[in-house]
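The values are calculated or read from the model by the stated rules, or taken from the named source; none is laboratory data. Note that the structure is predicted; figures quoted are calculated from it, not measured. Because the Cβ atoms are built from the backbone with ideal geometry, glycine has one as well, and the counts that use them run over all protein chains shown. Heavy atoms of the whole protein, side chains included, go into the accessibility calculation; ligands, DNA and RNA do not. Shrake-Rupley method; radii C 1.70, N 1.55, O 1.52, S 1.80 Å.
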Amino acid sequence: MPPRERDTARTRRVVLDAAARAVVAHGARVSLDLIARTAGVSKGGLLHHFRTREQLLLELARDLAEQFTTAVHAAVDPRDHARGRLVRGYVRATFDGLGDGSTVPEHVILAATLAGVPAVAEFLHEDNRIWSEALDADGLDPDRVRLITLAADGAAVASLYGGGTDPDEARHLRDLLIRLSRDEGPLVDAR
């Protein structure tokens, strides 16, 4: 990659990372001036890469979605060839993203904050459609897929309300959802 392209990619990455931190701390209406200062670039430099706040927030949402997609595919066990392997990757990536449960992960707050931006909401709707198709093609009963993925997503969102998630409870729910994705017996865990 030529030096100019590396600088452009690096600057874009720095601005996106700074925007993520600023949006988490100040909301989606955070000023472009603050984002530029946080990134260590001029406002003109920021606007060179992202012409409007809406474009920056949309690119931030796309980046977040791409990171999650990468995490899901990385969480798919390469030795697993059974139905539901993508669903299991989805569950693992979601719960791995919750960390140790002591705090609400930045990406959960960021996603919740960005969802209120109209262009982002439209993008998220399309991203959800693409995920639905991919997960439905994974071979499990669609109702089971919906139950599993909504429970995983709900666990991430629930962390917003409790300030974090109990790590043991999160591990238990993750393991239960993995078992459900294997079509293993009843939906209720007999403890």
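Below is a table of values for the structure above.
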item	result
Prolate/oblate/rounded label for the range 121-180 (Cα gyration tensor, a/c 1.5)	oblate
Net lengthening on full extension, A25/R51 (0.36 nm per residue, minus Cα-Cα)	7.2 nm
In degrees, nearest ten, helix 85-96 long axis to first principal axis of the chain (Cα)	60 degrees
Per-bin percent of Cα-Cα distances, the chain [5 Å]	1, 8, 14, 17, 17, 14, 11, 8, 5, 3, 1, 0
For the range 62-68, Karplus couplings with θ = phi - 60° (6.51, -1.76, 1.60), whole Hz, Gly/Pro x	4, 5, 4, 5, 5, 4, 5
Fully extended contour minus Cα-Cα distance, from R182 to V157, at 0.36 nm per residue	6.6 nm
Whether the range 1-73 is rounded, prolate or oblate, judged on the alpha carbon gyration tensor where a/c under 1.5 counts as rounded	oblate
Which of E106, E59, E66 is most accessible, then next, and so on - probe 1.4 Å	E66, E106, E59
Cα gyration tensor, the range 84-146 - rounded (a/c under 1.5), prolate or oblate	oblate
Calculated FRET efficiency for the pair L34/I130, C-beta based, R₀ 30 Å, to 0.05	0.40
Two-site FRET efficiency, D141 against H172, from Cβ-Cβ distance with R₀ of 30 Å, rounded to 0.05	0.85
Å² of accessible area per residue within the range 11-153, as computed with a 1.4 Å probe and no ligands counted	51 Å²
For the range 129-135, Karplus couplings with θ = phi - 60° (6.51, -1.76, 1.60), whole Hz, Gly/Pro x	4, 5, 4, 4, 5, 5, 6
The chain: angle of helix 3-26 to the longest principal axis, Cα-based, in degrees nearest 10	70 degrees
Label-point separation, A119 to S42 (7 Å along Cα→Cβ), nm	2.3 nm
